[in-house]
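Written below as structure tokens is the structure these notes are about.
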Amino acid sequence: MSKQRPNVLLITSDQQHWNTIGAFFPEIKTPNLDRLAREGTTFGRAYCPNPTCTPSRSSIITGQYPSQHGAWSLGTKLLEDRHCVGEDFQQAGYRTSLIGKAHFQPVQGTEEYPSMESIPVLQDFDRWRSFHGPYYGFEHVELTRNHTNEFLVGQHYALWMEEKGCANWRDYFLPPTGTMDPSQMYHWPIPEEYHYNTWIAERTNAMLDQYADNEEPFFLWSSFFDPHPEYLVPSPWDTMYDPDELTIPSLTPGEHELNPPHFGMTQEESPDFAALRESGYAIHGYHTHLQYGYGKGKALSEQERKKLVAVYYGMISMMDKYIGKILDKLDERNLAENTIVVFTSDHGHFFGQHGLQAKGGFHYEDLIRVPFQVRYPNHVPAGQSSTAIQSLVDLAPTMLSFCDIPIPRTMTGVDQRDVWTGERDAARTHAICEFRHEPTTIHQKTYVDSRYKITVYYNQSYGELFDLEQDPGEVHNRWNDPEYAELKQELLLRYIWAELGKEMMPMPRIANA
């Protein structure tokens, strides 16, 4: 009798700070992520390959870095000819599906670069009633594109709300799609039964039932939208946490004086980033961070900053509830023992750390590290924590390895299987994070190893060097410190080696010439 192949369930959040799991940070309550911590291994040094959605999510399904798969920034798309891991699973006889957020394509399309995730396509409901894939290696998809009350709501989620009897769903979303007051903060009046967490868990569980009924192996990505801002969540989650009882991160006075100029400019009321504006589109993070709403809102009072953190935690706790419903379904259908569960996020988040909000070209650990948990009973050690460096670019090759499916030679992530099972201490010595948000003016890469981190900028002599052991808060940039000059040169060389080492080899060398 042949060995039963494992299933793979990938669960992701969006823009979740790495240290927001209750088992390791008691100010937040996440009983179901705590359950994964008890029943699996938590990797505390996991990194995204890019701190924005499209590049990082495309890396998850290609096993390549953004500089390799081509979806190099928000506002680009993963070109349809790219090889995706779902194709490998399907070829091996697996069913593949994605429920929730994709974001492989931009919210605007052109004739040359059409987008399935663009306006007005998102709200062409006749199209979405009949379309469920294929999409980037997933034979079945159920999608939407809105974070909380964004006007981008549509696709399968809007259809689901209507099917559930929520005829007034537009009341809970912003104009021009809906009628919700844009000034509403913290509390999202949408009933929990119509929240996209409910939709994702319900539809994920429906797929799990289908696969269990048919005894089919599966690769299923359950892709949540929270806790990505805007900071909105239904009752009672919006008041679950007392803002005055939380530790609120903040700027350390003077910390940006030795950093590249864009860091300090974020602390000005009206900084001028015009010199960096190359494509004409929005530059994430390059604005004042003294306001709420990605630099477009109002100045934040201390109490408002506290309330935002409380709501951010409430969003995570609500999402955790629905992750629990999915884990419960695995138990109910006797799938848990033979299913690899991975929980992670596409990138991290600032909620006051270094005086910053949300995301941008700031490669602090808060933004490029992600929560990362793996459960696979009798294979991955239970109740363990590991400092082995992980990268989201490793997910595709590692998932294939566990399922004994050949890893395409075009994938440049590393196989972490023996690390996840505890047979090896580490599969990589470093991680690389890229951020290219404009063709030339905003283009940076970070090399981080067990102790040090160095960031280089295209055509710039400034940079960052942090000693994560001596300075875990990353307050003292040693880039120009004479005492670190020799180490800086060594790290630059290691970074260059790392860049050389991640080049793909689509085939082996098979002849002398």
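Got a sec? What order do I21, I407 fall in by accessible area at 1.4 Å, biggest, i.e. largest, first?
In descending accessible area the options line up as I407, I21.
Considering only protein heavy atoms and a 1.4 Å probe, what is the carbon-and-sulfur percentage of the accessible area of the chain?
50
Over what distance in Å are the Cα centres of the range 306-334 and the range 99-147 separated?
Using only Cα atoms, the two centres lie 25 Å from each other.
What is the spin-label model distance, in nm, from T421 to S461 if the labels are put 7 Å beyond Cα along the C-beta direction?
5.2
Over the range 1-160, what relative contact order in percent results from Cα pairs under 8 Å that are six or more residues apart?
Working: 204 pairs, mean separation 22.3, N = 160.
After rounding, I find 14 percent.
Please work out the C-alpha center-to-center distance from the range 218-285 to the range 430-447 and express it in whole Å.
Computed from Cα coordinates, the inter-centre distance equals 18 Å.
At a threshold of 8 angstrom on Cα-Cα distance, excluding pairs fewer than six apart, so keeping six or more, what relative contact order does the chain reach in percent?
24
For the range 1-48, report the accessible area per residue in Å² (1.4 Å probe, heavy atoms, rounded to an integer).
Computed with neighbouring chains in place, this is 38 Å² per residue.
For the chain, just say rounded, prolate or oblate: build the C-alpha gyration tensor, square-root its eigenvalues into a ≥ b ≥ c, call rounded for a/c under 1.5, and beyond that prolate if a/b exceeds b/c, oblate if not.
Rounded, since a/c falls under 1.5.
What does a probe at T429 reach in the range 373-416, counting residues whose amide N is under 15 Å from the point 7 Å along Cα→Cβ?
Residues 389 fall inside that zone.
Would you mind working out the accessible area per residue for the range 94-193, using a 1.4 Å probe, and quoting it in Å²?
That works out to 42 Å² per residue.
What is the gain in length, in nm to one decimal, between Y186 and R509 on full extension, counting 0.36 nm per residue of separation less the C-alpha to C-alpha distance?
110.5 nm
List the relative contact order of the range 390-452 as a percent without decimals, with contacts defined as Cα pairs under 8 Å and 6+ residues apart.
Once normalised by length, the contact order is 24 percent.
Between their Cα atoms, which of K29/K321; K101/K329; K445/K488; K29/K325 are more than 18 Å away from each other?
Going by Cα-Cα distance, K101/K329 fall outside the 18 Å limit.
Can you give the FRET efficiency for E486 and L251, using 1/(1 + (r/R0)^6), R0 = 22 Å, r = Cβ-Cβ distance, to the nearest 0.05? Walk me through the numbers before you get to the answer.
Values: r = 31 Å, r/R0 = 1.39.
The computed FRET efficiency comes out at 0.10.
Rounded to the nearest 0.05, what FRET efficiency do N214 and A92 have when you use their Cβ-Cβ distance and R0 = 22 Å?
0.85
The values are calculated or read from the model by the stated rules, or taken from the named source; none is laboratory data. These figures come from a predicted structure and were not determined experimentally. Don't worry about glycine lacking a Cβ; one is built from the backbone with ideal geometry, like all the others, and counts go over all protein chains shown. With ligands, DNA and RNA removed, areas are computed over all heavy atoms of the protein, side chains included. Shrake-Rupley method; radii C 1.70, N 1.55, O 1.52, S 1.80 Å.
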